[in-house]
Ligand code: FES
Ligand code: FES
């Protein structure tokens with residue numbers, strides 16, 4: 001197509017540069033163009049949160065953002081959170097507390113939860129339920145997701161205290 | 001040997017076998033975004049196909065013009081029924097013995113029906129192509145009401161001979177599909193006619209949808225060089241899909257490989273065969289390239305696999321003391337444009353005949369009429385075993401209605417009618433033989449834990465306060481006691497498309513004492529890779545951590561009927577245990593040879609065979625595994641493998657007792673769940689952590705269905721609930737914390753006594769939430785209101801009872 005735009009962005013620490021149609025959605029860029037398939041598509045209408053990524057420090061639903069809008073930004077997906085040898089405390093906690101079943105919502109959940117805990121390192125259960133309400137899970141009933149996030153919060157706070 | 005100093009308890013713990021809350025092995029990949037779902041599959045040269053869908057619910061198709069669409073760069077082909085007809089693929093068989101259009105053949109029968117398949121280089125090109133396909137429709141009268149359908153002159157299915165029988169016997173009307181009966185009609189009518197007390201109620205169990213977070217999809221690759229078709233997809237029953245694909249395409253079954261990769265939830269949505277699967281295959285044959293089809297959420301909600309839509313009319317009779325004497329139920333079942341229910345062949349209304357519930361009801365009669373309408377086809381078991389949710393909802397509502405008529409507490413009414421422990425195995429009036437149960441114990445435990453009497457006293461006080469103007473909130477206590485019927489099923493009466501509903505497991509032990517087991521089922525989040533390894537660990541004495549479980553690839557896994565209806569543990573779990581026992585039997589011979597004693601002189605102990613009476617003489621399973629591959633043992637073949645195909649002798653009957661306490665604001669109609677207590681008895685418990693997770697999830701789906709989730713149509717057949725804006729999926733904010741509890745009544749016929757649990761909380765949860773809402777209004781004269789109890793409907797109930805005056 002003729003009217004392509006020049007896009008530059010940093011995804012999980014790596015600089016990317018390409019031409020894209022203005023209508024290309026960020027989730028498509030990530031999944032199809034860059035082969036980053038951690039973020040999923042559950043609705044296309046910003047209701048489910050399966051596509052949640054972090055853009056310049058904010059939780060964003062990648063299905064409802066044009067890649068052009070993300071040009072010049074830093075994007076973090078689940079692939080940029082923790083490594084197999086050193087998982088993020090949230091990844092550990094979700095495993096430990098059975099915070100997932102089919103796993104389809106999990107990348108979005110964990111990505112969102114990393115931001116939630118940055119915004120509020122000591123959330124109450126209510127804070128968590130409110131702060132995670134943009135992410136739908138069809139399998140777990142949320143109880144163990146809440147538990148996982150609570151456990152990660154405790155873990156991260158004590159790790160921070162120990163470091164200080 | 002180091003091993004000898006380890007205590008027996010430690011040896012048991014090392015296995016991580018049955019009964020322990022082993023952490024899930026699946027989670028490492030899912031938490032790191034490394035799952036492999038169907039939409040993650042990328043193949044060289046892969047194309048994307050998507051549908052032109054009908055905007056009308058009933059219309060004739062006068063013509064399709066794809067000329068403009070084909071001019072779009074990147075659009076390669078537009079398939080219509082005309083293209084599929086020469087291959088005989090424009091129609092396909094449904095699992096219910098009906099047939100369904102793959103692409104509209106002359107007419108459409110529901111909004112969203114597949115009309116043409118646009119194949120393009122990517123999703124954007126496909127979407128552009130869809131925009132430009134011109135379809136000339138002539139609108140026809142629309143029928144969305146099944147009662148009207150049975151009276152109408154408008155014939156929906158013109159392809160069917162109106163005078164010929166359907167797959168399930170005679171049809172009464174061109175829009176009628178079947179009548180299905182269970183029990184004894186005349187005796188039941190007689191009992192009810194002569195009874196002291198009769199309660200009657202009509203209820204509508206609304207249409208809804210399983211809506212897993214991942215929609216349906218497939219990738220087809222026809223390798224023309226080798227003549228092999230590989231089909232990846234969201235299949236809850238990959239082997240059955242392979243057989244269906246073979247039957248309809250004519251490709252020999254050995255040339256078809258079906259793979260279910262990771263599945264993002266199923267809940268019944270992914271049992272059926274959909275036009276998208278067929279079209280991806282045809283498109284791959286036509287283009288010679290791999291073709292992917294992924295439905296979007298709107299496609300999913302509007303076209304693949306609705307659930308419920310049962311209009312139920314009941315009569316229940318009792319003595320003055322409350323002993324139930326008879327039950328009658330008639331169902332008008334709205335199946336939409338095609339009968340695509342996913343039920344065992346002999347059960348066109350599924351296991352609706354479990355509708356006598358947990359009660360000793362001597363006489364009963366059930367009649368179900370299936371009807372065509374201009375709605376999407378489906379009728380799947382949404383997190384339940386073949387219409388059990390409908391059955392349990394029906395009886396648990398009838399109990400409440402009867403309690404009102406008797407002016408009796410419904411907890412007590414349940415108690416005096418429960419099937420007693422000593423009556424098991426219990427033959428129910430509608431035909432099933434319940435394997436085991438101890439309902440009174442479970443009920444008493446539940447009521448005691450929640451302090452039932454205290455709750456009723458509090459509720460009475462609340463009613464007083466309400467009447468005195470001190471509060472605007474009512475309190476509802478929802479009760480339900482359910483019996484599930486799962487683990488379909490015995491081949492003698494359960495099949496799908498003629499395939500017996502057994503399941504299978506094949507085990508290979510490796511020389512170093514680790515193993516791989518493959519099953520005919522497929523996990524969609526249930527954690528099979530974790531729990532089946534636990535069953536095996538206990539059976540064969542090798543650590544669960546050393547056992548790989550593999551499912552979903554028909555080239556490698558033994559044939560099985562898949563995962564739905566809570567059948568994995570009852571059927572494949574049994575096959576796993578039985579295959580494990582075959583391994584153990586051979587291991588025993590090897591051990592005896594190595595220990596130079598007779599076979600009968602060794603016995604199995606946790607992870608080894610020991611010489612009877614000489615515990616210091618033993619061979620561990622690890623040693624035995626190695627010996628199987630490096631010793632020439634007279635009379636024994638080398639190797640250590642086994643396979644079991646398990647045909648269950650009966651279904652299993654998990655049960656449970658649920659209590660929900662709810663506050664309802666009569667002015668806003670908002671319900672607030674204060675407490676939810678769920679006691680489940682699923683027999684032997686394999687992994688308590690996973691059971692609890694299943695209960696939380698099932699209850700949340702129950703909450704959704706009871707309190708707001710529905711697929712609704714307007715009179716024109718427009719689906720009004722095609723996005724997550726309108727279709728209610730609860731978030732963390734709306735969902736309470738659940739209290740879980742259990743009793744253990746093992747199944748007497750299952751090798752490890754397990755009964756299955758995935759669906760119980762949904763089956764028992766829906767009536768419990770609904771009963772809580774209805775109970776809040778009982779003191780003001782409410783008998784029954786239909787679900788879903790969304791805020792508006794609750795407000796309307798309050799208004800109708802004069803509570804806003
Ligand atoms: S796919 Fe983006 S919110 Fe659902
Ligand atoms: S784990 Fe399946 S949707 Fe959340």
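Its relative contact order, with pairs defined as Cα atoms under 8 Å and 6+ residues apart, puts segment B:281-367 at 24 percent. Could you state the angle between the C-alpha long axis of helix A:106-119 and the longest principal axis of the C-alpha atoms of chain A, as a value from 0 to 90 degrees rounded to the nearest 10? Approximately 70 degrees, to the nearest ten. Taking every residue in B:735-744 and counting other chain Cβ atoms within 10 Å of its Cβ, the average works out to 2. Neighbour counting of Cβ atoms within 10 Å sorts the residues B:805, B:663, B:545, fewest neighbours leading, into B:805, B:545, B:663.
From least to most packed, judged by other beta carbons within 10 angstrom and beginning with the fewest, B:485, B:507 follow the order B:507, B:485. Spatially, segment B:759-805 and segment B:317-374 are offset by 22 Å when compared through their Cα centroids.
Each peptide in B:705-711, A:59-65, B:63-69, B:337-343 gets a packing score, the mean of other Cβ atoms within 10 Å over its residues, and the list from highest to lowest is B:337-343, B:705-711, A:59-65, B:63-69. Shape class for the protein assembly as shown: rounded, because the ratio a/c of the largest to smallest gyration tensor axis (alpha-carbon atoms, square roots of eigenvalues) is under 1.5. Among B:766, B:245, A:53, the order by Cβ neighbours within 10 angstrom, fewest to most, reads B:245, A:53, B:766. Rounded to the nearest 0.05, what FRET efficiency do residue B:726 and residue B:641 have when you use their Cβ-Cβ distance and R0 = 41 Å? So the FRET efficiency works out to roughly 0.20.
Once R0 is set to 30 Å, what does the formula 1/(1 + (r/R0)^6) return for the Cβ-Cβ distance between residue B:491 and residue B:617, expressed as a FRET efficiency to the nearest 0.05?
The calculated FRET efficiency here is 0.10.
The mean count of C-beta atoms from other chains within 10 Å of the C-beta of residues in A:104-114, rounded to a whole number, is 4. In percent, rounded to a whole number, the relative contact order of segment A:89-158 is 53, using alpha-carbon pairs under 8 Å and six or more apart. With helices as the sole contributors, chain A gives -9500 deg cm²/dmol at 222 nm; each DSSP H run of n ≥ 4 counts as -39500 (n - 2.57), and the sum is divided by every residue.
Annotation for residue B:415 and residue B:65: the two label points, set 7 Å from Cα along the Cα-Cβ direction, are 7.5 nm apart.
Remark: relative contact order (chain B) = 15 percent; criterion is Cα-Cα distance under 8 angstrom and separation of 6 or more residues. Students often get this wrong: which residues of segment B:404-437 have the backbone nitrogen under 14 Å from the point 7 angstrom along Cα-to-C-beta of residue B:186? Once the point is set 7 Å along Cα→Cβ of residue B:186, nothing inside segment B:404-437 turns out to lie under 14 Å by backbone N.
Out of all DSSP beta bridges in chain B, what portion is antiparallel? Express it as a percent rounded to 5.
80 percent
When you count the other C-beta atoms within 10 angstrom of each residue and take the mean per peptide, B:748-756, B:523-531 line up highest first as B:523-531, B:748-756.
Separation of segment A:92-164 and segment B:539-557, taken as the distance between their Cα centroids, equals 31 angstrom. Here segment B:533-557 is scanned for amide nitrogen atoms under 19 Å from the site 7 Å beyond the Cα of residue B:252 along Cα-to-Cβ, giving B:554-556. Give the percent of DSSP beta bridges with both residues in the protein assembly as shown that are antiparallel, rounded to the nearest 5. Of all bridge pairs located within the protein assembly as shown, approximately 80 percent are antiparallel. Peptide B:721-732 has a mean of 5 when you count, residue by residue, the C-beta atoms of other protein chains within 10 Å of its C-beta.
Compute the helix-to-body angle for A:143-163: its Cα long axis versus the longest principal axis of chain A, expressed 0 to 90° and rounded to tens. Tilt of helix A:143-163: around 80 degrees. If you take the beta carbon distance between residue A:10 and residue B:804 as r and set R0 to 56 Å, what does 1/(1 + (r/R0)^6) give as a FRET efficiency, to the nearest 0.05? Calculated value: 0.45. Computed from label points 7 Å out along Cα-Cβ, the spacing between residue A:130 and residue B:87 is 5.5 nm.
Is segment A:18-164 best put as rounded, prolate or oblate by its Cα gyration tensor, with a ≥ b ≥ c the root eigenvalues, rounded for a/c under 1.5, and otherwise prolate when a/b is larger than b/c, oblate when not? It comes out prolate by the Cα gyration axes.
With the helix formula -39500 (n - 2.57) applied to DSSP H stretches of n ≥ 4, chain B reaches a computed 222 nm mean residue ellipticity of -8500 deg cm²/dmol. Inter-part distance, segment A:1-30 to segment B:647-669, computed on C-alpha centroids, equals 49 Å. If you sort the three axes of the alpha carbon gyration tensor as a ≥ b ≥ c, you get a/c of 1.5 or more for chain B and a/b no higher than b/c, which makes it oblate.
Just so you know, all these numbers are worked out from the coordinates, no wet-lab data involved. Worth saying up front: this structure is predicted, and the values here are computed from it rather than measured. Please note: Cβ atoms are built from the backbone with ideal geometry, for glycine as well, and neighbour counts cover all protein chains shown.
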